[in-house]
Amino acid sequence: MSTKTNNEKLTAVLEGILVIVLGILIAVVGIGETVDIYFGVLALVLGAASLGLAIYLLVKKGVIPLGMTLGAGALIAVGAGLFAKYTTFAFLVNFLVLVVMGVGAALMLYGIYFLIKVNKLYGILQIIVGAGLVTLTAVYMAVPDFDKVFWIIVGIFIAVYGALSVIFALVDKK
C-alpha cells in the first residue's frame, strides 16, 4: 500500500525536477543570470496570468480591475526588462549567500530529525548536504575570488538534492 497519492508523488517529482534545473542553471550560467531568468519567468508568467484574468473579467463581467491590470503591465514590463538585460536582480547575490547558509543549517536540523525518527540514510544525506552548504558559504565569505567556484558547487549540490528528492519520491519510503 502506497503512503503517497499519485498527485503527491507527481508533485514531489516535478518539484525535484525544477530543483535539478535550477541547480544546473546556477552551475552553468552563474547566479546573476539565473536570478534574472528566475524572476523574469516568474514576472512574465504572473503578469500574463493577471492580464488573462483581467481580460476574462472584462469579457464575462464587463469590468476591468485597475489594480490587476496595472500589476499585470508592471510584471510583464519587469520580466521583459530582465530578459532584455535592461535591469538585474544580481544585487541580491550576497542576500542569496546568506539564504544558502540558512538553508544549509536548516537541512542539517531536518536531517537530524530524519536520522533519529524516520529514515537514517535520508537523514544522513540531508546533514551532508546542509553541512556542505554551510561550509561553502563560510568559505565564500572568507576567501576572495571564490565566488565562481562557489556557485558551480552550489548549483551541483542543488541539482543533486533535486535528484535525491525525485528518487525518494519514486521509492516512496518515509
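Overview of values
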{"read-out": "Cβ pairs under 7 Å, 6+ apart, first in segment 39-65 and in contact (Cβ under 8 Å) with a residue 40 or more places away in the chain, second assigned to a loop (DSSP other than H, G, I, E, B) and surrounded by fewer than 13 Cβ atoms within 10 Å (Cβ to Cβ)", "value": "none"}
{"read-out": "Scan of segment 5-41 for residues that are open to solvent by 60 Å² or more (accessible area, probe 1.4 Å), of a type in the set (A, V, I, L, M) and either closer than 11 Å to Ala159 by Cα or under 11 Å from the mean Cα position of the chain (by Cα) (or both), ordered by number", "value": "Ile17, Leu18, Val21, Leu22, Ile24"}
{"read-out": "Matching residues in segment 80-111 - criterion: being under 25 Å from Gly40 (Cβ atoms) and touching a helix residue (DSSP H, G or I) at 6+ places or on another chain (Cβ under 7 Å)", "value": "Leu82, Phe83, Thr87, Thr88, Phe89, Ala90, Leu92, Val93, Leu96, Val97, Val100, Val103"}
{"read-out": "Segment 126-146: number of residues that are within 16 Å of Leu98 (Cβ to Cβ), among the aliphatic types (A, V, I, L, M) and in contact with a helix residue (DSSP H, G or I) (Cβ under 8 Å, 6 or more places away or on another chain)", "value": "6"}
{"read-out": "Residue count, segment 89-105 (criterion: modelled with pLDDT of 90 or more and surrounded by 14 or more Cβ atoms within 10 Å (Cβ to Cβ))", "value": "4"}
{"read-out": "Output for segment 133-162, where each listed residue is part of a loop (DSSP other than H, G, I, E, B) and either open to solvent by 80 Å² or more (accessible area, probe 1.4 Å) or closer than 19 Å to Gly111 by Cβ (or both)", "value": "Pro144, Asp145"}
{"read-out": "Flag if Val129 is in contact with a Leu (Cβ under 6 Å, 6 or more places away or on another chain) and either of a type outside the set (Lys, Arg) or farther than 20 Å from Glu15 by Cβ (or both)", "value": "yes"}
{"read-out": "The lone exception for Leu125 - which of (1) closer than 30 Å to Gly47 by Cα; (2) touching a residue at least 24 places away in the same chain (Cβ under 8 Å); (3) part of a helix (DSSP H, G or I) it fails", "value": "(1)"}
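Results for (1) aliphatic (A, V, I, L, M); (2) closer than 16 Å to Ala12 by Cβ, shown as yes or no for each residue.
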site	(1), (2)
Tyr113	no, no
Lys120	no, no
Leu133	yes, no
Pro144	no, no
Lys148	no, no
Leu164	yes, yes
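The values are calculated or read from the model by the stated rules, or taken from the named source; none is laboratory data. In this text, all values refer to a predicted model and were calculated from it rather than measured experimentally. For neighbour counting, all protein chains shown are included, and Cβ atoms are generated from backbone atoms with ideal geometry for every residue, glycine included. We work out accessible area using only protein heavy atoms, side chains counted, and drop any ligands, DNA or RNA first. Shrake-Rupley method; radii C 1.70, N 1.55, O 1.52, S 1.80 Å.
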